[in-house]
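The values are calculated or read from the model by the stated rules, or taken from the named source; none is laboratory data. Values in this document were obtained by computation on a predicted structure and should not be read as measured data. Methodologically, a virtual Cβ is constructed for each residue, glycine included, from the backbone with ideal geometry; neighbour enumeration extends over all protein chains shown. These accessible areas exclude ligands, DNA and RNA; they are computed on the full protein's heavy atoms, side chains included. Shrake-Rupley method; radii C 1.70, N 1.55, O 1.52, S 1.80 Å.
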Amino acid sequence: FPVADIKRTLDAMSWVKINTLHWHVVDSQSFPLVVPGFTVLSEKGAYNARSVYTTADVKEIVAYAAARGIDVIAEIDTPGHTSAIAKSFPEHIACPEAAPWTQFANEPPAGQLRLANAATTNFTSSLLTSAAGLFRSSYFGTGGDEINANCYDKDPQTQADLQAQGKTVNQALDTFTQACHKALKAVGKTPVVWEGKPSMLLVHPVTLDKDTLVMVWISADNVAAVAQKGYKILHAANEYFYLDCGGGGWVGQNVLGNSWCDPFKTWQKAYSFNPVAGLTEDQYHLVMGGQHLLWTEQTNPSNLDSVIWPRAAASAEVFWSAPGGNVGTALQRLHDVAYRYKQRGVKAIALQPEWCALRPGKCDLNA
């Protein structure tokens with residue numbers, strides 16, 4: 001996404017008091033972030049020479065966000081979702097672009113960091129701390145989601161490392177995670193990780209400091225288990241907050257395929273969320289907030305605004321004003337938000353025909 005698109009999104013966020021941009025800035029397909037000391041990653045791993053974020057771009061985005069009261073939390077997902085690193089540092093990546101990809105990754109191309117290798121752990125720690133230095137936030141995301149066991153089972157280097165150390169993959173993941181988080185803490189950053197299957201904490205037990213922020217994405221039903229362990233929670237449940245759900249399948253040669261998290265997540269669904277559901281009163285303090293998420297397999301500058309807005313405004317009200325609001329009265333506020341956004345150059349979608357928007361309640365189900 002061009003810097004201008006990110007700035008426009010930050011503007012739109014500020015208008016409804018969304019105060020954090022979680023920027024999942026790299027992934028398996030592309031490594032667009034220019035990281036000091038690791039510039040070869042973006043030189044060889046970005047889509048092209050123009051599709052990068054320079055240090056000047058990042059500084060501009062962070063400052064633009066800060067002027068609007070928005071914190072930018074960047075993420076470099078590890079050890080999975082790192083295939084693009086193989087273009088410049090193949091020695092650190094297991095099963096790069098292995099086929100068929102479905103056996104080695106959740107989406108193509110396959111490839112994940114050799115978490116049992118000491119050199120790879122040192123490389124990753126250095127990469128994370130260098131990237132973290134580009135951002136003002138006290139938080140930095142290290143990912144931890146969608147780790148593919150078969151990739152490591154079929155990687156001779158990883159198996160040799162595990163055998164030499166007498167460790168299992170989970171034990172190696174624990175060592176790898178602790179080392180990376182220790183490095184980030186040494187430069188003043190608090191780690192943020194994903195929870196869920198097959199991610200860390202509940203599926204892959206790892207040692208995390210209690211100040212680690214845990215994004216619960218696989219299901220809101222897992223929030224209680226994370227709270228029981230005493231970790232701080234960021235709500236990110238796909239069944240409420242994934243904006244890309246319901247867009248149809250994007251994987252080729254799959255005629256009947258749909259998005260894995262169907263159906264489309266309406267603003268009403270997000271608005272119905274209760275941030276403290278399933279928690280005891282003495283656990284409420286663990287809820288640090290929530291996020292409306294957009295994964296961009298099917299999103300680019302042509303539809304960015306319409307996928308996000310005004311749906312994401314619904315969760316802003318939930319997390320600022322508490323759950324239990326009236327959907328009928330909220331609809332009128334969202335209509336106002338959508339109209340104002342369009343006047344300001346943000347292409348928010350219509351929530352109803354204009355006839356309905358001008359006649360509150362007339363298009364209710366039993367009106």
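Which ones in region 46-76 are in contact with a Pro (Cβ under 8 Å, 6 or more places away or on another chain), surrounded by 20 or more Cβ atoms within 10 Å (Cβ to Cβ) and either of a type in the set (Asp, Glu) or closer than 23 Å to Pro191 by Cβ (or both)?
Listed by number, the list holds a single entry, Tyr53.
Residue-wise test of (1) part of a loop (DSSP other than H, G, I, E, B); (2) surrounded by 12 or more Cβ atoms within 10 Å (Cβ to Cβ).
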site: Val251; (1), (2): yes, yes
site: Val255; (1), (2): yes, no
site: Trp260; (1), (2): yes, yes
site: Lys265; (1), (2): yes, yes
site: Lys269; (1), (2): no, yes
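Selection of region 4-34 for residues being open to solvent by less than 20 Å² (accessible area, probe 1.4 Å), small (Gly, Ala, Ser) and within 25 Å of His235 (Cβ to Cβ) yields only Ala12.
Which residue is farthest from Asn303 (Cα to Cα), if the candidates are limited to region 1-26 and must be part of a loop (DSSP other than H, G, I, E, B) and touching a residue at least 60 places away in the same chain (Cβ under 8 Å)? Out of the qualifying residues, it is Lys17. Within region 152-168, being touching a helix residue (DSSP H, G or I) at 6+ places or on another chain (Cβ under 8 Å) and either assigned to a helix (DSSP H, G or I) or modelled with pLDDT under 95 (or both) holds for Tyr152, Asp153, Thr158, Gln159, Asp161, Leu162, Gln165. Residues that are within 16 Å of Glu75 (Cβ to Cβ) and small (Gly, Ala, Ser) were ranked within region 192-219; the one that is modelled with the highest pLDDT is Gly196.
Are any residues in region 217-249 assigned to a loop (DSSP other than H, G, I, E, B) and touching a residue at least 40 places away in the same chain (Cβ under 8 Å), and if so, which ones? Correct list: Trp217, Gly230, Tyr231, Ala236, Leu243, Asp244, Gly247, Gly248. Can we say Leu304 is closer than 21 Å to His24 by Cα, open to solvent by 20 Å² or more (accessible area, probe 1.4 Å) and either at pLDDT 95 or above or in contact with a His (Cβ under 7 Å, 6 or more places away or on another chain) (or both)? Answer is no for this residue. Against the criterion of being buried (at least 17 other Cβ atoms within 10 Å of the Cβ), free of Cβ contacts under 8 Å to residues at least 40 places away in the same chain and more than 28 Å from the chain's Cα centre (by Cα), Ala357 qualifies. Within region 79-89, is there a residue that is out of contact with any Ser or Thr (no Cβ under 6 Å at 6 or more places or on another chain), small (Gly, Ala, Ser) and open to solvent by 40 Å² or more (accessible area, probe 1.4 Å)? Checked against the condition, which is being out of contact with any Ser or Thr (no Cβ under 6 Å at 6 or more places or on another chain), small (Gly, Ala, Ser) and open to solvent by 40 Å² or more (accessible area, probe 1.4 Å), region 79-89 yields no hits at all. Only residues that are assigned to a helix (DSSP H, G or I) and either under 16 Å from the mean Cα position of the chain (by Cα) or among the aliphatic types (A, V, I, L, M) (or both) were counted across region 274-295, and they come to 1. Just to verify a result, which residue in region 301-348, among those that are of a type in the set (Phe, Trp, Tyr) and assigned to a helix (DSSP H, G or I), is nearest to Gln268 (Cα to Cα)? Top of the filtered list is Phe319. If Gln298 passes every condition in (1) within 18 Å of the chain's Cα centre (by Cα); (2) open to solvent by 20 Å² or more (accessible area, probe 1.4 Å); (3) under 22 Å from Leu234 (Cβ atoms) but one, which one does it miss? Unmet condition: (3).
Going through Gly249, Gly257, Gly289, Gly188 one at a time, which residue ends up being among the small types (Gly, Ala, Ser), over 15 Å from His22 (Cβ atoms) and modelled with pLDDT of 95 or more?
Numbers: Gly249 fails: modelled with pLDDT of 95 or more; Gly257 fails: modelled with pLDDT of 95 or more; Gly289 fails: over 15 Å from His22 (Cβ atoms).
Going through Gly249, Gly257, Gly289, Gly188 in turn, the sole match is Gly188.
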